[in-house]
1. So what is the relative contact order of region 117-186, in percent, for Cα pairs below 8 Å that sit 6 or more residues apart?
2. What's the magnitude of the charge dipole for the chain around its Cα centre, counting Lys and Arg as +1 and Asp and Glu as -1 at the beta-carbon? Answer in Debye, nearest 20.
3. Using just the C-alpha positions of region 38-153 as equal point scatterers, what log10 of I(q)/I(0) does the Debye formula give at each q in 0.13, 0.15, 0.16, 0.20 1/Å?
4. Distance from the Cα centre of region 53-102 to that of region 1-45, in angstrom?
5. Any idea what the relative contact order of the chain is, in percent, if you count C-alpha pairs under 8 Å spaced at least 6 apart?
6. Does region 1-60 come out rounded, prolate or oblate by the C-alpha gyration tensor, with a ≥ b ≥ c the root eigenvalues, rounded set by a/c under 1.5 and, if not, prolate when a/b is larger than b/c and oblate if not?
7. Dipole of region 1-68, Cα-centred, from +1 at each Lys and Arg C-beta and -1 at each Asp and Glu C-beta, to the nearest 20 debye?
8. GNM, the chain, Cα, under 10 Å: largest mean-square fluctuation among 62, 117, 148?
Amino acid sequence: MSKKVLIVYGTRYGATEGTSEEIAKVLRSEGLDVRVVNARKEKVKDISGYDLVIVGSGIQMAKWTGAAENFLKKFQKELASKKVALFVSSGAQALIEYEKKTEEIEKVRKQYLEDKAVKYNLHPLSMVIFGGVWDFNQMSFLFRKTLASLKPKIEEAGFKETKPGLYDTRDWDSIRTWAKEIATKF
């Protein structure tokens, strides 16, 4: 009988959804039974039947999505004794990596992942920050104006618009590699 994996994610612009689906695809190819849940659209009632729970969230203004955070709160006790992995999607991550801001990379890893694991008493198999999506079309007017100065930096880092106003900074090979590593560790 194959092991069961639950991937629960929160997303704002769809990057974390796409990343979750790609992780699921890789895990399925490794023989695992995977269910993917958008925490904002579907409420998980029970996690007892899962051998591994992967929780992902988009990051905006240095915060997890409310839906992913609420999932961690709701299942804090159960998750503390389960195999867990955490990931976040952050468009800013690609920029700080491009600019080789080592201190900033460590700071956001601690803030987005390590502090979250400690807060909910989790001992993840793995934690990772992936690139995300900058979607200037879906941002509020104020947010779009505030971040407009980042467009040249995003392009300088090698990310082109995939559609007008949309920059995808995800590294699909690194997402697939991480998923394979999770399957191996698990």
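Laboratory data are not the source of any read-out in this text; all were calculated from the coordinates shown. Because the structure is a prediction, the values reported are computed rather than measured. When we count neighbours, we look across all protein chains shown, and the Cβ atoms used for this are built from the backbone with ideal geometry, even at glycine.
1. Details: 43 pairs, mean separation 28.2, N = 70.
RCO, region 117-186: 40 percent.
2. On the way: 33 positive and 25 negative charges, 128 e Å.
Magnitude of the dipole: close to 620 debye.
3. -0.57, -0.73, -0.81, -1.11
4. If you average the Cα positions of each part, the centres end up 14 Å apart.
5. Values: 306 pairs, mean separation 43.6, N = 186.
Worked out over the chain, it gives 23 percent.
6. On the way: a/c = 2.71, a/b = 1.41, b/c = 1.92.
Oblate, since a/c reaches 1.5 and b/c is not below a/b.
7. Details: 11 positive and 8 negative charges, 50 e Å.
Dipole magnitude for region 1-68 comes out near 240 debye.
8. 148
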